[in-house]
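> Next up is a structure, given as structure tokens.
The values are calculated or read from the model by the stated rules, or taken from the named source; none is laboratory data. None of these values were measured; they are calculated from a predicted model. Virtual Cβ from ideal backbone geometry, glycine too; neighbours counted across all protein chains shown. Quick note on the areas: whole protein, heavy atoms, side chains included, nothing else; ligands and nucleic acids left out. Shrake-Rupley method; radii C 1.70, N 1.55, O 1.52, S 1.80 Å.
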Amino acid sequence: RALLSSESNIELSSSFSHSVYNRMLNDNSGGALISDIEIEGYFDPLVTDNPDSLLQYYFMPNFAERSNRFINSINYNYAPMPGWNNKFTLGVDYRKSDDRQFIPIAAGDWIGTPGGSLSVSHREYITTTMSYSGSYKLPELGGVSQTVSAGAQGFRVDDHESYGRGVNFKIPGTTDFDNASVISAMEDNRQLFSYGFFAQDQIGISDRIFFDLGLRLDGNSTFGKDVGLQTYPKVGVAYNVSEEPFYPEAVKDIVSSLKVRAAWGETGNYPPPFTRDRTYTANVYVNESALSFNNAGNALLGPERTASIDAGFDMGLLDDRIGIEFTYFTQNTKNALFNVAEDPAGGFGNQRRNVGEIENKGIELAVRAQLLQSEDFDVNIRASVATLTNEAVSLGGAAGFTIAGFSFAPMRVEQGRPIGVIRVNVPRLEADGTYRGNYDEQFLGNPLPKQTGSVGLDMVVFKNLSITAFGEFAMGHQILNQSLSRQIVNGLNVPGVYPDAVAKLPASADPARPYNRNTASSVLLESGDWIKLREISMRYKIPYGFFNGITLNASVRNVAIFGTKTTFVDPELSFIPGAAIELGGISGSTFDPPTQYRIGLDVNI
């Protein structure tokens, strides 16, 4: 930071990070690696009948990633007179990463790439940001204070990616493209520019009532050509009731502070780059290429707009030893962005469109309490809980559509149901009390938790030892267990080791129509509830002589998980993301987060 004059200064910041790490094969579907051996019992007797030997195949591939990142910014601050402040910012975030995935010949046959393969991806990602913000505090008049602010912001994203792949090596030991029989390449370029202007007025009356009025105008390069600047207003009010003279002292001994608040505002979420444009793709076959339709384009494509109302209070009890924050919220999103299927006769596939209306509502409650405070001990607890009700109120006349999942259990957008509701096939019980292979489609799975929360404990012992514990939970939702699906497909039934997955299927009285993963996908739907002890940490500041200024710290992360009802999967981990929105709801053969132990030493000289 440099002082240029009594009215101005300049701030410079710069950081660089370099990361290199190796990882295992993608723990997902085809050839999904070690978890397939440990959980799903995959092994090919033509390769080896010894799972321990099979592990060697999985450690042969070399997956490495290298990344460099530069973050630079410059801020110029100018205050020509008291109460008037101006800030100009220019920032650049540059990231370059390379990913190399090499599968040698010896492991290629098992993993699904005979002769081995090499895949290399390169990415350069640059974000340039420019902004100005200014504020002026007007002279206070009759107990009324007012601060007016305005500004402009803009950022540009340039994203370049290139890919290369070589398969079927002829010479064992090679690790590059030179000896690959077939080499293919492609590249991808994306640009995005977003800009906006804002104005805000903050008014305070007698330091008790506060108003916040604002307006924002946004434009984006992803908007359709017939969509202009979008306007987003906001208004808020807060009232410190306990600061009023009429607030009873008798009440203040119990409710030491009380503030009520309410706010309304609108915001927007812009579409991905190029989804507004009609695009084509080249299909290559036998060294010849031909154009085909890709994206239909939409000249009216705009942002999805969310209007939200929040109301609540902040309360302090017993001289603020206990604090309570309560909020009720309701959010209404119109012109929601989804990939919607086009008419097949037009030659296009899915198209991103603004369709329908989504409603979210719920409450948020947070409590903090000082349980003990003395010269040698200080114990505080904090807890929060939130509820969520989600519903697709309207699809604007469009039919329901799939956004993720599988043919036997798709995640759908259906009017009157939660976003991503899972449609499963439920075996039909016939009138005679038997199952005969028939089934009904039903919407049963909600991927979004209805209740979430956290609990934390902070303790200071003898002033120098700090201990913290933190946990979280989620309840009231379902997940589709893809790991269980594979166990059923492979007929896995190892008592005492694996669950009797096949036995979860109802027995059909018609031998010609037995139930399977597809016709009885409802058995894959499980409760997604979980409780996790996230972290326990400790810091000890040595107070003695030469060691004064030295702090020891230790922590354990991902300590334990409780209350799960899923089969061999962590219900919090997402297996396959949605095409247009990430909702979770599908878990599979993914490893649980590892328990991490960290020990550190901080030295202040």
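> Pairs only if they're at least six apart or on different chains, beta carbon under 6 angstrom, first in the stretch 468-479 and within 30 Å of Ala554 (Cβ to Cβ), second open to solvent by 50 Å² or more (accessible area, probe 1.4 Å) and of a type outside the set (A, V, I, L, M, F, W, C); list them, first residue then second.
From residues that are within 30 Å of Ala554 (Cβ to Cβ), the pairs are Phe470/Glu535; Ala474/Thr452.
> Do you know which of the residues in the stretch 417-443 that are more than 30 Å from the chain's Cα centre (by Cα) and of a type in the set (A, V, I, L, M) is farthest from Pro514 (Cα to Cα)?
Ala431
> Can you report the number of residues in the stretch 371-385 which are among the charged types (D, E, K, R) and open to solvent by less than 50 Å² (accessible area, probe 1.4 Å)?
Residues meeting the conditions: 1.
> How many residues are open to solvent by 50 Å² or more (accessible area, probe 1.4 Å) and either among the small types (Gly, Ala, Ser) or under 24 Å from Ser508 (Cβ atoms) (or both) if we restrict to the stretch 464-487?
0
> For the stretch 434-463, what are the residues that are open to solvent by 50 Å² or more (accessible area, probe 1.4 Å) and either hydroxyl-bearing (Ser, Thr, Tyr) or at positive phi (or both)?
Once the filter is applied, which keeps residues that are open to solvent by 50 Å² or more (accessible area, probe 1.4 Å) and either hydroxyl-bearing (Ser, Thr, Tyr) or at positive phi (or both), the stretch 434-463 yields Tyr435, Tyr439, Thr452, Phe462, Lys463.
> Answer yes or no as to whether Gly228 is in a strand (DSSP E or B), open to solvent by less than 50 Å² (accessible area, probe 1.4 Å) and either of a type in the set (A, V, I, L, M, F, W, C) or out of contact with any helix residue (DSSP H, G or I) (no Cβ under 7 Å at 6 or more places or on another chain) (or both).
Criteria not met by Gly228.
> Also, I was wondering about something else. May I ask you to list the residues in the stretch 189-220 that are more than 29 Å from Tyr136 (Cβ to Cβ), in contact with a Lys or Arg (Cβ under 9 Å, 6 or more places away or on another chain) and open to solvent by 30 Å² or more (accessible area, probe 1.4 Å)?
Scanning the stretch 189-220 gives Gln191, Phe193.
> Among the residues of the stretch 386-408, which ones are open to solvent by 30 Å² or more (accessible area, probe 1.4 Å), part of a strand (DSSP E or B), of a type outside the set (Val, Ile, Thr) and closer than 30 Å to Ala366 by Cβ?
The answer is Glu391, and nothing else.
> I would also like to ask the following. Kindly indicate whether any position in the stretch 166-184 is touching a residue at least 40 places away in the same chain (Cβ under 8 Å) and under 26 Å from the mean Cα position of the chain (by Cα).
There is no residue in the stretch 166-184 that is touching a residue at least 40 places away in the same chain (Cβ under 8 Å) and under 26 Å from the mean Cα position of the chain (by Cα).
> Can you tell me which of (1) in a strand (DSSP E or B); (2) at pLDDT below 95 is the one Ile171 doesn't meet?
(1)
> Please state which of the following conditions Arg123 fails to meet, knowing it meets all the rest: (1) modelled with pLDDT under 65; (2) outside any helix (DSSP H, G or I).
(1)
> State all residues of the stretch 409-433 that are surrounded by 16 or more Cβ atoms within 10 Å (Cβ to Cβ) and part of a loop (DSSP other than H, G, I, E, B); if no residue qualifies, say none.
Glu414, Gln415, Arg417, Pro418, Ile419, Gly420
> Separate question: Sort out which residues of the stretch 335-370 are open to solvent by 70 Å² or more (accessible area, probe 1.4 Å) and at pLDDT 95 or above, and write them in order of number.
Lys361, Glu364, Arg368
> Among the residues of the stretch 446-494, which ones are touching a helix residue (DSSP H, G or I) at 6+ places or on another chain (Cβ under 8 Å) and either assigned to a loop (DSSP other than H, G, I, E, B) or of a type in the set (A, V, I, L, M) (or both)?
Leu480, Leu484, Ile488, Asn490, Gly491, Leu492, Asn493
> A further question follows. Which members of the stretch 519-542 meet the condition of being open to solvent by 70 Å² or more (accessible area, probe 1.4 Å) and under 27 Å from Gly437 (Cβ atoms)?
Answer for the stretch 519-542, where residues must be open to solvent by 70 Å² or more (accessible area, probe 1.4 Å) and under 27 Å from Gly437 (Cβ atoms): there is none.
> Of the numbered conditions (1) surrounded by 16 or more Cβ atoms within 10 Å (Cβ to Cβ); (2) at positive phi; (3) free of Cβ contacts under 8 Å to residues at least 40 places away in the same chain, Ser97 fails exactly one; give the number of that condition.
With respect to (1) surrounded by 16 or more Cβ atoms within 10 Å (Cβ to Cβ); (2) at positive phi; (3) free of Cβ contacts under 8 Å to residues at least 40 places away in the same chain, Ser97 is out only on (2).
> If we scan the stretch 511-519, do we find a residue that is more than 30 Å from Ser374 (Cβ to Cβ) and within 24 Å of the chain's Cα centre (by Cα)?
no
> Ok, one more. Which condition breaks for Pro303 when tested against (1) open to solvent by less than 30 Å² (accessible area, probe 1.4 Å); (2) within 27 Å of Ser374 (Cβ to Cβ)?
In the conditions (1) open to solvent by less than 30 Å² (accessible area, probe 1.4 Å); (2) within 27 Å of Ser374 (Cβ to Cβ), Pro303 misses (2) alone.
> Within the stretch 149-163, is there a residue that is open to solvent by 40 Å² or more (accessible area, probe 1.4 Å), closer than 30 Å to Pro82 by Cα and in contact (Cβ under 8 Å) with a residue 12 or more places away in the chain?
Within the stretch 149-163, one or more residues are open to solvent by 40 Å² or more (accessible area, probe 1.4 Å), closer than 30 Å to Pro82 by Cα and in contact (Cβ under 8 Å) with a residue 12 or more places away in the chain.
> Pick out the one residue from Gly166, Gly196 that is part of a strand (DSSP E or B), modelled with pLDDT of 85 or more and farther than 30 Å from Asn62 by Cβ.
Gly196
> Applying the selection to the stretch 520-549, what residues are at negative phi and either free of Cβ contacts under 8 Å to residues at least 12 places away in the same chain or in contact with an Asp or Glu (Cβ under 7 Å, 6 or more places away or on another chain) (or both)?
Trp530, Lys532, Arg534, Tyr544, Phe546, Phe547, Asn548
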